[in-house]
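Structure record follows, encoded as structure tokens.
The values are calculated or read from the model by the stated rules, or taken from the named source; none is laboratory data. All values derive from a computational prediction rather than experimental measurement. Note that each Cβ is placed from the backbone with ideal geometry, even for glycine, and that neighbours are counted across all protein chains shown. These area figures cover heavy atoms from the full protein model, side chains too; ligands, DNA and RNA do not enter into them. Shrake-Rupley method; radii C 1.70, N 1.55, O 1.52, S 1.80 Å.
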Amino acid sequence: MVFRSPFPAVDIPRLPLHQFVLGKAATLGDAPALVEGATGRVLTYAQLVEQTRQFAAGLSRAGIRQRDVVAIWSPNSPEYAVVFHAVSRLGAILTTVNPSYTVEELAYQLTDAGARLLITTSALVDKARAAIAATGKPIDIITVDEVAGLPSLASTLVDADPPAVTIDPDHDIVVLPYSSGTTGLPKGVMLTHRNLVANLAQIDAMEPAEIRALLGVLPCFPVAGMVVIMNHGLLRG
């Protein structure tokens, strides 16, 4: 027996994730894309597009290449979306890490994912250094905010276009979140550009058109906050 959704069939574009989500962002200009609840700080759509471009270029100059793994260990912030789509634009892979992890848990995920770079915050940087030391691997750190002696997101921005890459949406992984599964240690879930584009197309077909804002209470590191809140909100404008 075939079970069908009450909603119409969706078209799934063969696009990289960042193109699908931010395709119309430049036309939205100064409209708020993300608002930090605690401070009221606003990142507009124009700023999001520009910072994504510049951070992708900066990551490229720092040696990040297509299919390299970049980790983000951070609470929600407007910069989460900048990091997310800059990594996507390079054809690299973002592994998202629970910001409440212990040093040992972070070290495990960094090692298991094969991360080359960790993006974190000043509040977590001491634990990040300890975790990297535990891996025994040369993993660089960039902080979302300012920390003495470390490159920040702002200092990594380069006013240039990142290198063009050819992305196969059906097969190229864009995100590597970790799931506890049912047994043993957490396991990386390999999500392609098409996986997330298809999921976003499904969500977009169901959500009412009058939704104007989403409350980002869910953390961005698991799929619910990453896709249903952050990326669907940006897709909708």
Would you point out the residue of the range 171-197, among those that are open to solvent by 60 Å² or more (accessible area, probe 1.4 Å) and touching a residue at least 60 places away in the same chain (Cβ under 8 Å), that is nearest to I93 (Cα to Cα)? R194
Can you tell me how many residues within the range 1-29 are modelled with pLDDT under 90 and either farther than 22 Å from M206 by Cβ or among the acidic types (D, E) (or both)? 1
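Checking the conditions here, which among D170, D159 is modelled with pLDDT of 95 or more and under 20 Å from the mean Cα position of the chain (by Cα)? If you could, list the steps in order and put the result at the bottom.
Working: D159 fails: under 20 Å from the mean Cα position of the chain (by Cα).
Being modelled with pLDDT of 95 or more and under 20 Å from the mean Cα position of the chain (by Cα) holds for just one of D170, D159, which is D170.
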A56 being open to solvent by less than 50 Å² (accessible area, probe 1.4 Å) and either over 17 Å from the mean Cα position of the chain (by Cα) or touching a residue at least 24 places away in the same chain (Cβ under 8 Å) (or both): yes
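Please pick out the residue among S74, S88 that is out of contact with any His (no Cβ under 8 Å at 6 or more places or on another chain), of a type in the set (S, T, Y) and closer than 27 Å to I139 by Cβ.
Details: S88 fails: out of contact with any His (no Cβ under 8 Å at 6 or more places or on another chain).
Of S74, S88, the one residue that is out of contact with any His (no Cβ under 8 Å at 6 or more places or on another chain), of a type in the set (S, T, Y) and closer than 27 Å to I139 by Cβ is S74.
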Quick check on the range 77-91. Is at least one of its residues open to solvent by 10 Å² or more (accessible area, probe 1.4 Å) and small (G, A, S)? yes
Within the range 180-214, track down each residue that is assigned to a loop (DSSP other than H, G, I, E, B) and at pLDDT 95 or above. V189, M190
Can we say Q66 is at pLDDT 95 or above, surrounded by fewer than 15 Cβ atoms within 10 Å (Cβ to Cβ) and among the polar types (S, T, N, Q)? yes
If I ask for residues that are open to solvent by 90 Å² or more (accessible area, probe 1.4 Å) and in contact (Cβ under 8 Å) with a residue 24 or more places away in the chain, which ones from the range 8-34 would you list? P8, D11, R14, K24
The range 92-124 - residue that is touching a Leu at 6+ places or on another chain (Cβ under 7 Å) and open to solvent by 10 Å² or more (accessible area, probe 1.4 Å) and, of those, nearest to R61 (Cα to Cα): I93
What's the total number of residues in the range 208-237 that are open to solvent by 40 Å² or more (accessible area, probe 1.4 Å) and over 18 Å from A25 (Cβ atoms)? 12
